[in-house]
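Novice: Structure provided below as structure tokens; questions to follow.
The values are calculated or read from the model by the stated rules, or taken from the named source; none is laboratory data. Nothing here was measured: the structure is a model prediction, and the numbers come from that model. Ideal geometry is used to build each Cβ from the backbone, glycine not excepted, and the neighbour counts take in all protein chains shown. The protein model used for the area step is the full one, side chains on, heavy atoms only, and it has no ligands, DNA or RNA in it. Shrake-Rupley method; radii C 1.70, N 1.55, O 1.52, S 1.80 Å.
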Amino acid sequence: MSHDHGEMSTPEFALVTVLNAVITVAEIVSGLFSGSLGLVSDGFHNMEDTLSVVLSFAAHVISQKDSNERQTFGYRRAEILAAFINSVILIAITIVLALEGLQRLFHPQKVNGNIMFWVAVVSFVANLTSTLIMLQGSKHNLNIKATFLHMAADAVTSLSVIVAALLVKVWHWYWADPVITLLTSVWIMKESWSVVKQAVAILMEASPKLDLKQICQRIQSLPEVISVHHVHLWRIDEQLIAFDAHINVAEDESLSQLELLYQKISQILQIEFGIEHVTLQPEYKHGLKETLVHQKVNKK
């Protein structure tokens, strides 16, 4: 099962990885020398980002593999898993750095504003470059979006470190360093949590934001369909929506008529609701009294 996300190429992934690896070393070392928590936090973000880019690329490659008898839907969800892992790791790191920022806020430490400023400027340029490279792919792919958020978070963090460095250099406001760390941490966690929720929803096969009753009513509006029941609607990944249902039809419907009905319903679902993968089971009397959405019944 091939699919085109229209995203990043291998050289682009490689460039982003190299940029982040270089920034990681520069920021952690200079952060320790200058005493800047902002630089150290940004450096650790970049270190995790380097790993996240590698994970994202590996998942991207795996997702391109064709389906087989064991993975009948293919490997599309490899990218969803990578998005989930990357976002959870980023949230965990951000929480640790936010706690350190709170401690520094009540116990400010002297910071070398010059080192902090120039390293942050270089870091911002590199992070912004990585962010722009990943921007297009992030619009269509949750995996790329999760990694894009890492890059964007570091670009914002680097920019905030520049601001903090200027405050330290001009007015000796050493508290600006932890304050900037806390503010960017809140933003990073908010954006990352959004990706986590989307990934979990897909992995748990939750229904996309479509009106299930409206879909079934649309199918049942066809004169050949008597009833619709035992319905399932879920996402294979953030692009492919799957739908299956049992439909009751007249007893005298021929196989050729059912084939035409299936094609008609599939076309309606794709055009009107964006559902591409459709499975229908025609029935005569069976299931007429069942509820719309299939529910498990515990036998006692």
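Novice: Yes or no: segment 214-226 includes at least one residue that is without any contact (Cβ under 8 Å) to a residue 24 or more places away in the chain, touching a strand residue (DSSP E or B) at 6+ places or on another chain (Cβ under 8 Å) and open to solvent by 60 Å² or more (accessible area, probe 1.4 Å).
Specialist: Within segment 214-226 (the criterion being without any contact (Cβ under 8 Å) to a residue 24 or more places away in the chain, touching a strand residue (DSSP E or B) at 6+ places or on another chain (Cβ under 8 Å) and open to solvent by 60 Å² or more (accessible area, probe 1.4 Å)), the answer is yes, since at least one residue qualifies.
Novice: For segment 163-174, indicate whether the set of residues that are within 23 Å of ASP237 (Cα to Cα), modelled with pLDDT of 80 or more and part of a helix (DSSP H, G or I) is non-empty.
Specialist: no
Novice: When VAL119 is evaluated against the numbered criteria (1) within 15 Å of the chain's Cα centre (by Cα); (2) crowded, with 22+ Cβ neighbours inside 10 Å; (3) not charged (D, E, K, R), which criterion, by number, is the only one it fails?
Specialist: Against the list (1) within 15 Å of the chain's Cα centre (by Cα); (2) crowded, with 22+ Cβ neighbours inside 10 Å; (3) not charged (D, E, K, R), VAL119 comes up short only on (1).
Novice: Continuing with the same structure: Could you list all residues from segment 212-248 that are part of a loop (DSSP other than H, G, I, E, B) and at pLDDT below 90?
Specialist: ILE236, ASP237, GLU238, GLN239, LEU240
Conditions tested, residue by residue: (1) over 30 Å from SER63 (Cα atoms); (2) aliphatic (A, V, I, L, M).
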position: PHE106; (1), (2): yes, no
position: VAL122; (1), (2): yes, yes
position: THR129; (1), (2): no, no
position: HIS140; (1), (2): no, no
position: ILE144; (1), (2): no, yes
position: ALA152; (1), (2): no, yes
position: ALA206; (1), (2): no, yes
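Novice: What is the number of the single condition among (1) at pLDDT 85 or above; (2) touching a His at 6+ places or on another chain (Cβ under 8 Å); (3) open to solvent by 70 Å² or more (accessible area, probe 1.4 Å) that GLN267 does not meet?
Specialist: Answer for GLN267: the failing condition is (2).
Novice: Among ILE80, ILE95, ILE89, which is open to solvent by 70 Å² or more (accessible area, probe 1.4 Å), assigned to a helix (DSSP H, G or I) and at pLDDT 80 or above?
Specialist: None of the other options fit; the residue is ILE95.
Novice: When residues of segment 44-77 are filtered for being not in a helix (DSSP H, G or I) and not polar (S, T, N, Q), how many remain?
Specialist: 9
Novice: Of the numbered conditions (1) at pLDDT 85 or above; (2) open to solvent by 50 Å² or more (accessible area, probe 1.4 Å); (3) touching a Phe, Trp or Tyr at 6+ places or on another chain (Cβ under 8 Å), GLU251 satisfies every one except a single condition; which is it?
Specialist: Result: GLU251 passes all but (1).
Novice: Another question, if that's okay. Return the total of residues in segment 136-159 being surrounded by fewer than 24 Cβ atoms within 10 Å (Cβ to Cβ) and within 15 Å of THR94 (Cα to Cα).
Specialist: Number satisfying all stated conditions: 3.
Novice: Could I ask something else about it? Is it the case that some residue within segment 259-281 is β-branched (Val, Ile, Thr) and assigned to a strand (DSSP E or B)?
Specialist: Scanning segment 259-281 turns up at least one residue that is β-branched (Val, Ile, Thr) and assigned to a strand (DSSP E or B).
Novice: Under 8 Å by Cβ, and 6 or more places apart or on different chains, what pairs join a residue from segment 25-36 that is within 13 Å of THR50 (Cβ to Cβ) and part of a helix (DSSP H, G or I) with one that is among the β-branched types (Val, Ile, Thr) and open to solvent by 50 Å² or more (accessible area, probe 1.4 Å)?
Specialist: Going by the 8 Å Cβ cut-off, the qualifying pairs are ALA26/VAL122.
Novice: Additional query: As an exercise: evaluate ALA206 against (1) outside any helix (DSSP H, G or I); (2) in contact with a helix residue (DSSP H, G or I) (Cβ under 7 Å, 6 or more places away or on another chain); (3) aliphatic (A, V, I, L, M) and give the number of the one condition it does not meet.
Specialist: All conditions are met except number (2).
Novice: Return the residues of segment 196-213 that are open to solvent by 40 Å² or more (accessible area, probe 1.4 Å), among the hydrophobic types (A, V, I, L, M, F, W, C) and closer than 30 Å to GLN257 by Cα; say none if nothing qualifies.
Specialist: LEU210, the sole residue that qualifies.
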